[in-house]
Amino acid sequence: MRRHVLSIAVSTFNGRYEQLTFARGRRVELLQALAGQGYQPVADSQPEEPVSEQLGTQVTRAIGALASSRRDDVLIVHVLSHGKQDVHSVRAVGSDGITHATTAVDHWLSAATDTDAWEDPHR
């Protein structure tokens, strides 16, 4: 089994939300703790403060890469940001202070499990 982690921290939001000045430090702490448990960071060229579309693309790409890997691989997705309630989900906010269709947590869960909310009403 291979263990992977994608950790994204957004601390500034283009003046639309309160800054999360602690976000980067918590991300580093989490990555260090998970490294001690054998987790490897997902290799990427993610910007330090991703805008919403970049954030969503990064998560979707990591989930897609895992889907094509070994069956027993594990991926932890950690996003530290503000969230905005959507009709059926919560969307993560990027550094541009907005959300994107690809930042919906339901979108990520559907991509990871190959089901959607209508197929799994207990999700």
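What to note about this one:
- Every residue from the stretch 1-23 that is within 13 Å of the chain's Cα centre (by Cα) and assigned to a loop (DSSP other than H, G, I, E, B): 10
- Residue pairs whose Cβ atoms lie under 6 Å apart, separated by 6 or more positions or on different chains, with the first residue in the stretch 65-84 and without any contact (Cβ under 8 Å) to a residue 40 or more places away in the chain and the second open to solvent by 50 Å² or more (accessible area, probe 1.4 Å) and not hydrophobic (A, V, I, L, M, F, W, C), are 84/91.
- Yes/no for residue 66 being of a type outside the set (Val, Ile, Thr) and within 16 Å of residue 98 (Cα to Cα): no
- Restricting 51, 28 to those that are touching an Asp or Glu at 6+ places or on another chain (Cβ under 9 Å) and of a type in the set (A, V, I, L, M) reduces the list to 51.
The values are calculated or read from the model by the stated rules, or taken from the named source; none is laboratory data. As the structure is a computational prediction, the values presented were derived from the model and not from experiment. Positions of Cβ are backbone-derived with ideal geometry, glycine not excepted, and every protein chain shown enters the neighbour counts. SASA here: full protein model, heavy atoms, side chains in, ligands and nucleic acids out. Shrake-Rupley method; radii C 1.70, N 1.55, O 1.52, S 1.80 Å.
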